Structures are given as structure tokens and as C-alpha cells.
1. If the cut-off is a Cα-Cα distance under 25 Å, which lysines reach Lys165, setting aside same-chain residues fewer than 8 apart in sequence?
2. At a 10 angstrom cut-off on C-beta neighbours, averaged per residue, how do the peptides 190-196, 89-95 rank from highest to lowest?
3. Angle between the Cα long axis of helix 174-184 and the longest principal axis of the chain, 0 to 90 degrees, nearest 10?
4. Residue separation times 0.36 nm, minus the C-alpha to C-alpha distance between Phe20 and Arg151: what's the value?
5. Under a GNM of the chain (C-alpha, springs under 10 Å), which listed residue has the highest mean-square fluctuation: Glu97, Glu116, Glu43?
6. Have a look at Gln224, Ile191, Asn206 and report the one farthest towards the positive end of the charge dipole of region 149-241, computed about the Cα centre with Cβ charges (Lys/Arg +1, Asp/Glu -1).
7. Can you list the HN-Hα couplings for region 50-63, worked out from phi with the Karplus curve (6.51, -1.76, 1.60; θ = phi - 60°), rounded to whole Hz and with x for Gly and Pro?
8. Applying 1/(1 + (r/R0)^6) with R0 = 45 Å to the Cβ-Cβ distance of Arg248 and Tyr77, what FRET efficiency is obtained, to the nearest 0.05?
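The numbers here are math on the coordinates, done by the rules we state, and not lab data. Keep in mind it's a predicted model, so treat the numbers as computed, not measured. Positions of Cβ are generated from backbone atoms using ideal geometry, with glycine treated the same way; all protein chains shown enter the neighbour counts.
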Amino acid sequence: MSQSNTPNYIENNKLLSAEFVKAISFDLDDTLWDNIPVIMGAERALWGWLNINAPRIAKKFSMWEMIQQRQLLSEKYPELAHDLSALRIKGLTLACEVTGEDPVIAKLGYDFFIQERNRIFIAPEVFSLLEELKKHYQLCAITNGNSDINRLGLDKYFDFSISPKDAGVLKPAKKIFHMAAEQLKLQPAQIAHVGDSLETDVMGANQAGFVSIWFNGKSVNYGQAAQEQQLGPQHRPAVEINCLQQLRDLLP
């Protein structure tokens, strides 16, 4: 456990006793798996696909130019900013328009990307942890991404997954957390949320009334991070863990 000003997970195990908490929601990307290699692998695979199926796009834009231009689209089209899938389709559609490629390439390219984006290795111990937690709690996912729990075999453990496409907003907005509470038919205080981001997961959970569990997999010093990032009380997690397996210690 890193030295920090956050509560120790053992000291706060009563927070997750079955008497108080009935469900646990999980962030997905960078919580259940390392997401950067996944996304970069999918980007490279899509670029290879475009070279074969839409060579005029590949000739005009580099892979990095496509990524940078898509990042700018959220500012140009704020109504799509919460929906990563819509932004990607929009970016591919605009690239087709500029280069004269068949517009159908946008949807085909997106479908290929999503297939590659969901080629994710999930450690066996994550599945075993979820299986154990499922015996005691309702489980769900609250994500800002577009990974698919059905493709990943996580639907056996999670009752549902809520994304910004469903809620119309990104975490840390209260709405996306409260949608989960409504589907679980529980009060927010009866739900713990596990995630790696102090901004989207911890602050979002705190403001929504959930019990916030910070997955600090990189053993970041919270006090130092709070000072450097000018974090406020709303970013302070109820519980800090450095390994997902520590959730086993919180079981009733």
C-alpha cells in the first residue's frame, strides 16, 4: 500500500459489508485491464485495414493524423463528445468525404475497429474475483469507453453495462451513476464503485453518493497527486486499493 492520505482498505472493510453495500460497479478500461496497448493495437489494425480497403484515406492521412483529427471532433461536434463510437464514425465519414472513398467505408471501418478494440486479454484472476464477488453482490459496469462486456465474456458477472452512449453524458456526471442505481433498484449509498481515475471514477462516485474505491494500480501517492493536480475533497476516495484482489478482503 502506498503512503497516502486515503483510507486504508482494511480499516474500511465494513464499508463493503453486506449490511451496507449491496452492489459494486466497475470501471472497465485501465481498471480490469491495461487499455493503452488495447487501443493502440486496434488503431494499428484499423490503419492496416484502411490501407487495403480505403487506400485514398491511408495515402492522404497518417494514422496519427487520423487520431489527432478525431480528438478535435469533440470540440467541433460537442453533441457527440460523450460518444466515442459516434466520434470515430464521424471521423471516418469525413475522411471518406475528403478523399472520395465510398461512405460505406466509415461503418465497415468502425465495425472492424470495434472487433479489434475488444481483443482484450483479461487475467484469469480477474474472472475468478468477479465470480466470487458475484456470490455476494450485484455487479455492473459503468464505463466511458466502448468495450463490450458480451464480447469479453463479462456478461456472466455483470448484470449490465452503462456507457455514455446510453446515458448521454460521460463520467463523472451524476446521471450515469444514478442510471446504474435505478437499474440495480438500490439507493446510491448501497453501491460501491471501483475505478482507476480520481476525476471520473472517484469524484463521480462521491458526487453521486456511491462508496468510492480508488484502484491505484500504479501506487500513486494521493497527497502528492492532490497537490499537483489541485484536487479537492470531492476527489478523496472512501477506500484505496493497489490490487483488485484486495477486494476479496472486503467480502462479508
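1. Within the straight-line cut-off, Lys165 pairs with Lys76, Lys90, Lys107, Lys156, Lys174, Lys175, Lys185.
2. Put in order of decreasing packing, that is 190-196, 89-95.
3. 70
4. Details: separation 131, 0.36 × 131 = 47.16 nm, distance 3.21 nm.
Residue separation times 0.36 nm, minus the Cα-Cα distance, leaves 43.9 nm.
5. Maximum fluctuation in the GNM of the chain, among the listed residues, is at Glu97.
6. Ile191
7. 5, 4, 8, 9, 9, x, 5, 5, 5, 6, 7, 10, 7, 4
8. After rounding to 0.05, the efficiency reads 0.55.
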